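Read through the structure below, which is laid out as structure tokens, and then see the notes.
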Amino acid sequence: MKIVILSYSSLLYSLGLYFKYKDIDGCNIKIVVYNNTNIIKFLNYMGIKEIDIIYYDYQLVYTRNPYEILMNFLFMKKFYKKNIYNIKNEIIYIFNKNECLEVFDLYYRIRNKNEIRYVNFDPEINSKKSISFKSLIYKLYNKLYITTPYDIKFLGGYLSIIKNSVIKKIEYKKEKVELIKCNFPENSIIILETDLSKCNYCRKLDYVLNSTNIYNQISMVMSNQIYIKPHPIFNNIYYEIYGKDKIIENFIPIEFMINDGNIDTVIGVMSIALIYAIKNEVKNVISTIKLYDFMDDKEKDKIVSWLIKETDNRIMMPNSINELNKIINNIAEGAEKSDEIIN
């Protein structure tokens, strides 16, 4: 049995499956991770032995250079023959993302020799516009690498999305597993930090000033401990943390914390974890994106529109520090969120 993990949001369920089957006689279970060493750190943190983990670097980089296209193709063929082709008579769980087509396709090629079980734990990505001609070009480009039927969607770039007909054919009902708890205190508050200057959205001085003001405002109002979660990659925190608050290891996934059930409030800028929190009924979900000085306001507006659309307009987006203060005070007093400060 193999459990293929492509992103953080399926980790809790993947771990539940692992612990369900690991001690069953004859069940040689492996967790397969692609392109994310932080997931490996988290698995080790949870007590998974190295012998039960397989890690691969497998990324096909988009290029127009004919030589590099050929090298991509040869790399894919070599990787497939060495690591995937000879797998047979296995149950293979593939957990998201829907858009991680290149990795999914490796296992789609061996579907007749194995039982593939797929489920997408991530929020769906909706298409914004029709790009039929460019979609055709993109599909012709991918003809060398991809055998899975897929669609093209556009959200500030091209995404190759597995077709629903493929997913429905192999999707399965989730098994009942014991979910591991993070044991946060009730009504916990988490701030998701992403270094927007490192992402080239904000100038560093602006970002440092904005993030410091936002954190200070939240922490001064809230008397209980606040948990600060750095991004796994863009993980700089420039402000001084008050003694009552705590920084969480950046390799521990926010999805794992949200699923704990005791998280009352999630605050971030533009993380997909905000969408995940909404989908999982976290009481207060706040994006502070409008409080940051972006270098490109059009880029900011696109992200704002995306967050509103993906959360069905349920995410709070204060327009000023004063509005943020009002929301945080309401939370501190145990009040319901203010509907007039949604976005």
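The values are calculated or read from the model by the stated rules, or taken from the named source; none is laboratory data. As the structure is a computational prediction, the values presented were derived from the model and not from experiment. When we count neighbours, we look across all protein chains shown, and the Cβ atoms used for this are built from the backbone with ideal geometry, even at glycine. To get the accessible areas, we keep the full protein, side chains included, count just its heavy atoms, and leave off ligands, DNA and RNA. Shrake-Rupley method; radii C 1.70, N 1.55, O 1.52, S 1.80 Å.
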Of the convex hull drawn through the C-alpha atoms of the stretch 6-67, the volume per residue in Å³ is 111
For residue 168 and residue 111, extending 7 Å from Cα along the Cα-Cβ vector and measuring point to point gives, in nm, a value of 1.4
Residue span residue 53 to residue 28: 0.36 nm per residue of separation minus Cα-Cα distance leaves a gain in nm of 7.9 nm
Place a point 7 Å from the Cα of residue 198 in the direction of its beta carbon; the residues of the stretch 225-262 whose amide N falls under 15 Å from it are 229-239, 248-252
With -39,500 (n - 2.57) per DSSP H segment of 4 or more residues and division by the full residue count of the chain, the 222 nm estimate, nearest 500 deg cm²/dmol, is -10000 deg cm²/dmol
Expected unfolding gain across residue 79-residue 206 under the 0.36 nm per residue rule, minus the alpha-carbon gap, is 41.3 nm
Quick note, the stretch 129-263: a/c under 1.5 would make it rounded; otherwise a/b > b/c is prolate and the rest oblate (a ≥ b ≥ c, C-alpha gyration tensor); here it is oblate
Ranked output for segments 6-14, 178-186, 231-239, 252-260 by mean other Cβ atoms within 10 Å, highest leading, reads 6-14, 252-260, 231-239, 178-186
Phi-derived 3J(HN,Hα) across the stretch 58-74 with the Karplus relation (6.51, -1.76, 1.60, θ = phi - 60°), rounded Hz, x for Gly and Pro, is 8, 9, 9, 8, 5, 8, 9, 6, x, 5, 5, 4, 4, 5, 4, 4, 5
The FRET efficiency for residue 147 and residue 322, from their Cβ-Cβ distance with R0 = 35 Å and rounded to 0.05, is 0.05
Expressed as a percent, the portion of alpha-carbon pairs in the stretch 171-228 spaced more than 16 Å apart is 62
In nanometres, the difference between 0.36 nm per residue of separation and the alpha-carbon distance of residue 140 and residue 248 is 34.5 nm
Rounded to the nearest Å, the spacing of the alpha-carbon centers of the stretch 1-58 and the stretch 232-298 is 25
Quick note, the stretch 237-295: a/c under 1.5 would make it rounded; otherwise a/b > b/c is prolate and the rest oblate (a ≥ b ≥ c, C-alpha gyration tensor); here it is oblate
To the nearest 20 debye, the stretch 185-250 has a Cα-centred charge dipole, built from +1 on Lys and Arg Cβ and -1 on Asp and Glu Cβ, of 140
Percent antiparallel among DSSP beta bridges confined to the chain, nearest 5, equals 15
By the mean-Cβ-within-10 Å protection proxy, highest first, 42-52, 209-219, 187-197, 141-151 rank as 187-197, 209-219, 141-151, 42-52
Classified through the alpha carbon gyration tensor (a ≥ b ≥ c as square roots of its eigenvalues; rounded if a/c is under 1.5, else prolate when a/b is larger than b/c, else oblate), the stretch 214-343 comes out rounded
Given Cβ charges of +1 for Lys and Arg and -1 for Asp and Glu, the option among 226, 211, 200 whose Cα lies farthest towards the positive end of the dipole of the stretch 192-240 is 200
Here the stretch 13-27 yields Karplus 3J(HN,Hα) values (6.51, -1.76, 1.60; θ = phi - 60°; whole Hz; Gly and Pro given as x) of 5, 4, 5, x, 5, 4, 6, 5, 9, 5, 9, 7, 4, x, 9
Listed by chain and number, the lysines with an alpha carbon less than 21 angstrom from that of residue 78, same-chain partners under 8 positions apart left out, are 2, 88, 113, 143
Measuring from its Cα centre, the chain shows a charge dipole (+1 at each Lys and Arg Cβ, -1 at each Asp and Glu Cβ) which, in debye to the nearest 20, is 1760
When the charge dipole of the chain is computed with +1 at the Cβ of Lys and Arg and -1 at the Cβ of Asp and Glu, the Cα pointing farthest to the positive end, of 322, 184, 87, is that of 87
Once amide hydrogens are built 1.01 Å from N within the peptide plane, the residues lying 5 or more places from residue 158 or on another chain with amide H under 5 Å from its amide H are none
In units of 2.2 N^0.38 Å, the Cα radius of gyration of the chain is 1.06
With every protein chain kept in place and a 1.4 Å probe, the chain has an accessible area per residue in Å² of 50
Sorted largest first, the Cα spans of the stretch 54-119 on the principal axes come out in Å as 38, 24, 22
XL table 168/279; 77/168; 173/279; 229/283; 134/163; Cα-Cα > 23 Å flagged, in table order, is 77/168
